[in-house]
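The values are calculated or read from the model by the stated rules, or taken from the named source; none is laboratory data. None of the values given here were measured: they were computed from a predicted structure. All Cβ positions, even for glycine, are placed from backbone atoms using ideal geometry, and neighbour counts span all protein chains on display. Side chains are part of the model used for accessible areas, which takes the heavy atoms of the whole protein and leaves out ligands, DNA and RNA. Shrake-Rupley method; radii C 1.70, N 1.55, O 1.52, S 1.80 Å.
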Amino acid sequence: MPKVLIAGGGLAGLSAAAALGGAGFEVDLFESRPFLGGRATSYNAPASDGQPGEEIDNCQHLLLRCCVNLLNFYERLGVRDRIRFYREFYFLEPGGQMSVLRRGRLPAPLHFAGSLWRMRCLGRADKMGIVRALNALRRERTRRKDLDRISMLDWLLQKRQTPRAIDRFWRQVLVSAVSEDLERMAAIHGFQVFWEAFLAKADAYEMGLPTIPLAQLYGSDAWKRMPSVRMHQRHTVERIDAEGFVVNGERRSADFYICALPFERLEAVGLPAPKLEHAPITGIHLWFDREVTNLPHATLLDRTIQWMFNKDSGRYLQLVVSASRDLTPSAATILSTSPSAICACIFRASAMPTW
């Protein structure tokens, strides 16, 4: 049985371990921290004011039905049934007026025609412009050669999208999906999101949310299905070279090696590092003393906060701000920022929210 060593226990390393373990390889994965999952993990929130502590996700993670690789990973671990899918996207305006985007009976790419036309958060000119841009996206995605050199905002302006269509439709979807501002996002990535999630198949847009804490998705029970895969937590890969790994001062060798470490750790282990930067995501956890919403989730229009997720009976909400560079300096004064660039704020309140 060929042997593989994997450095890094985030989703990339874990998915590689699951695929190779299922293909008959002997796998040893090394993770420096005492938990798996990287940015997509959970932790125990401390109790306060007599309230019991609980396991919460560091930030809300979701997937769409078009995320076939992640779904395959969950299926290999036997936890795909722990993902609940929703067919509706709720758009909430200030003051509470709601629009719903859901697929209708028409085949793709016409499946959103009815609900898009009924969205009250957009005007007639906004909707007509969106339809024209979506048709242009279908034509240009395989023909246009400069999509990796212009921003998604540049492309939207070329297509004469209205400010309201950009802010209430394109920005709400894309910044959350890519975790990058439209002016910093290459158009090719925006094209990929809308083609794969909204145009190619009628059900590809459906949003899946875990029904258990993220860390439980890839806990020890899941890996019992793959006895050839061994997880080594608190094992730091200190060096990677032609002879293998150095882990906690010990040389390890195998037939194959995979590095799934964050890019900022590559130079420390002896590998060249690309010049990249993180796009921060801020997660805000709110507990209320009463039910404040019966929606499972919603995208919040004209707000810094982009999404709200109902984590427990309308009393525990998680709010998400993607590409939150403007918030990171001030957030650092009240919370700890992890190297993975996800921030989390925790509040318990009795006041009613006003969206």
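Side notes on the structure shown:
- Within the range 277-302, the set of residues being small (Gly, Ala, Ser) and either free of Cβ contacts under 8 Å to residues at least 60 places away in the same chain or out of contact with any Phe, Trp or Tyr (no Cβ under 8 Å at 6 or more places or on another chain) (or both) comprises ALA279, GLY283.
- In summary, no strands (runs of 3 or more DSSP E) completely within the range 213-277 bear 2 or more residues that are more than 29 Å from the chain's Cα centre (by Cα) and either loosely packed, with under 11 Cβ neighbours inside 10 Å or among the acidic types (Asp, Glu) (or both).
- Qualifying residue in the range 168-182 (condition: surrounded by fewer than 17 Cβ atoms within 10 Å (Cβ to Cβ), out of contact with any helix residue (DSSP H, G or I) (no Cβ under 9 Å at 6 or more places or on another chain) and either under 22 Å from LEU301 (Cβ atoms) or at pLDDT 95 or above (or both)): no
- Count of the range 1-55 residues, restricted to those that are over 28 Å from ALA268 (Cα atoms) and out of contact with any strand residue (DSSP E or B) (no Cβ under 7 Å at 6 or more places or on another chain), is 7.
- Cβ-Cβ under 6 Å pairs, at least 6 apart or on other chains, the range 18-35 side farther than 13 Å from LYS3 by Cα and among the small types (Gly, Ala, Ser), far side part of a helix (DSSP H, G or I) and open to solvent by less than 40 Å² (accessible area, probe 1.4 Å): ALA18/PHE73
- Hits in the range 185-201 - residues which are open to solvent by 60 Å² or more (accessible area, probe 1.4 Å) and either closer than 16 Å to LEU101 by Cα or free of Cβ contacts under 8 Å to residues at least 60 places away in the same chain (or both): ILE188, HIS189, GLN192, TRP195, LYS201
- Breaking point among (1) surrounded by 19 or more Cβ atoms within 10 Å (Cβ to Cβ); (2) over 26 Å from LEU62 (Cα atoms); (3) among the small types (Gly, Ala, Ser), for ALA165: (2)
- Residue count for the range 7-29, restricted to those that are under 23 Å from the mean Cα position of the chain (by Cα) and β-branched (Val, Ile, Thr): 0.
- Taking the criterion of being hydroxyl-bearing (Ser, Thr, Tyr) and in contact with a Ser or Thr (Cβ under 7 Å, 6 or more places away or on another chain), the only residue of the range 259-305 that qualifies is THR282.
- Within the range 115-142, residues that are touching a residue at least 12 places away in the same chain (Cβ under 8 Å) reach partners that are of a type in the set (Ser, Thr, Tyr) and buried (at least 16 other Cβ atoms within 10 Å of the Cβ) with beta carbons closer than 7 Å, at six or more positions or on different chains, in the pairs MET119/SER99; ARG120/SER99; CYS121/SER99; ALA125/THR162; ASP126/THR162; GLY129/THR162.
- Once the range 314-332 is narrowed to residues that are surrounded by fewer than 17 Cβ atoms within 10 Å (Cβ to Cβ) and closer than 19 Å to HIS278 by Cβ, the residue that is modelled with the highest pLDDT is ARG325.
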